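The values are calculated or read from the model by the stated rules, or taken from the named source; none is laboratory data. Since the model is a prediction, treat every value here as computed from it, not as a measurement. So basically every Cβ, Gly included, is an ideal-geometry build from the backbone, and we count neighbours across all protein chains shown.
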Amino acid sequence: MQNTRSGWKDYKRVVDKIFQTIPDKEMHRDAGPERCRVCSVVGNSGNLINSHYGPMIDDGDFVFRINRGPTKGFEQDVGSRTTHRVIYPESAVDMGNSTHMVFFAFKLADLKWLVSLFTTHTIKQQNKVVKITTKANMSLVMVVSPGFMKYVHHQWLNKHGRYPSTGFMTVIMAFHICDKVRVYGFGADKDGNWNHYFERIRPAYKTGIHGGTFEYVTLKELQKRNKLELYE
Ligand code: C5P
């Protein structure tokens, strides 16, 4: 986000607009001794192919999917339920009426896009062309504070990579709203590239600007310490 006085003003204006547009509802804050909320966090790795994890993924109380990760045609390996879909403008897809859109903003323009999505439908150009409208239930939208990305980058990733991947941030977010976190579909292919279960990525791009190896090692360490279950 911009760090100048006018940048800050602009940021505040957009955030105010977001709170006017999207209902400011308490969600998932019902932790207590009688609750054991099991969450499936599903990344997009090719290691899901032939995994047969579908039924187990669907068994979670919450099923988080990330970016474009589809279910249709892949049910046996990835399941079919999606209670939450985590996106940013460039990765937005239509989602069901009962799915929570979980929105990560990487830049101020992303927050402006979110407002436009539910009001004027005018913003279609950012760094890349973005969808002018996406089918989503506005009353279920959850906007993650941009400060969360900094927190994850500094506290969990020791500043590895330019910024955390959407998937890694989703895992850490799940710690805040779930009692048990099961992680599927994370991990590069044998050449160290982040592949997808639903498409071939050409050209291969390693893990892009993200600290993919460090993220993965951190997930393994969390598994070792019984903080999550990692299914590969
Ligand atoms: O590729 P995409 O960003 O849509 O994938 C969603 C998330 O899944 C990534 O942000 C990353 O955290 C994780 N991923 C992974 N290994 C892959 C592909 C994706 O860990 N091979």
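Side notes on the structure shown:
- Residues in segment 200-213 that are in a loop (DSSP other than H, G, I, E, B), more than 10 Å from the ligand (Cβ to nearest atom) and either more than 17 Å from the chain's Cα centre (by Cα) or under 8 Å from Ser165 (Cβ atoms) (or both): Arg200, Arg202, Pro203, Ala204, Lys206.
- Lys112 away from the ligand (no atom under 16 Å from the Cβ), crowded, with 19+ Cβ neighbours inside 10 Å and modelled with pLDDT under 95: yes
- Of everything in segment 83-95 that is more than 20 Å from His121 (Cβ to Cβ) and without any contact (Cβ under 8 Å) to a residue 60 or more places away in the chain, the residue that is surrounded by the fewest Cβ atoms within 10 Å (Cβ to Cβ) is Thr83.
- Top-ranked residue of segment 184-199 - restricted to ones that are more than 8 Å from the ligand (Cβ to nearest atom), over 17 Å from Gln223 (Cβ atoms) and not basic (Lys, Arg), ranked as surrounded by the fewest Cβ atoms within 10 Å (Cβ to Cβ): Asp191
- Breaking point among (1) farther than 13 Å from Gly43 by Cβ; (2) part of a loop (DSSP other than H, G, I, E, B); (3) touching a residue at least 12 places away in the same chain (Cβ under 8 Å), for Tyr197: (1)
A quick yes/no check of all residues on (1) closer than 19 Å to Lys25 by Cβ; (2) of a type in the set (Phe, Trp, Tyr); (3) within 15 Å of the chain's Cα centre (by Cα):
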| site | (1), (2), (3) |
| --- | --- |
| Met95 | yes, no, yes |
| Thr99 | yes, no, yes |
| Lys107 | no, no, no |
| Asp110 | no, no, yes |
| Lys124 | no, no, no |
| Lys135 | no, no, no |
| Met142 | yes, no, yes |
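- If you filter segment 156-183 down to residues that are within 10 Å of the ligand (Cβ to nearest atom) and not in a loop (DSSP other than H, G, I, E, B), you find that the one that is surrounded by the fewest Cβ atoms within 10 Å (Cβ to Cβ) is Thr166.
- Taking segment 110-144 as the range and being under 15 Å from Pro23 (Cα atoms) and not in a helix (DSSP H, G or I) as the test, the residues that pass are Thr119, Ala136, Asn137, Val141, Met142, Val143, Val144.
- If you go through segment 200-232 and keep only what is among the aliphatic types (A, V, I, L, M) and either surrounded by fewer than 18 Cβ atoms within 10 Å (Cβ to Cβ) or in contact with a strand residue (DSSP E or B) (Cβ under 7 Å, 6 or more places away or on another chain) (or both), you end up with Ile201, Ala204, Ile209, Val217, Leu219, Leu228, Leu230.
This table checks each residue for (1) among the aliphatic types (A, V, I, L, M); (2) without any contact (Cβ under 8 Å) to a residue 12 or more places away in the chain.
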residue	(1), (2)
Thr133	no, no
Val141	yes, no
Gln155	no, yes
Val171	yes, no
Asp189	no, no
Thr207	no, no
Thr218	no, no
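Residues checked against (1) closer than 20 Å to Thr82 by Cα; (2) in contact with a Phe, Trp or Tyr (Cβ under 8 Å, 6 or more places away or on another chain); (3) hydrophobic (A, V, I, L, M, F, W, C):
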| residue | (1), (2), (3) |
| --- | --- |
| Tyr163 | no, yes, no |
| Ile177 | yes, yes, yes |
| Asn193 | no, yes, no |
| Ala204 | no, no, yes |
| Gly208 | no, yes, no |
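- One residue from Lys25, Lys107, Lys12 being basic (Lys, Arg), surrounded by 13 or more Cβ atoms within 10 Å (Cβ to Cβ), out of contact with any Cys (no Cβ under 7 Å at 6 or more places or on another chain) and modelled with pLDDT under 95: Lys107
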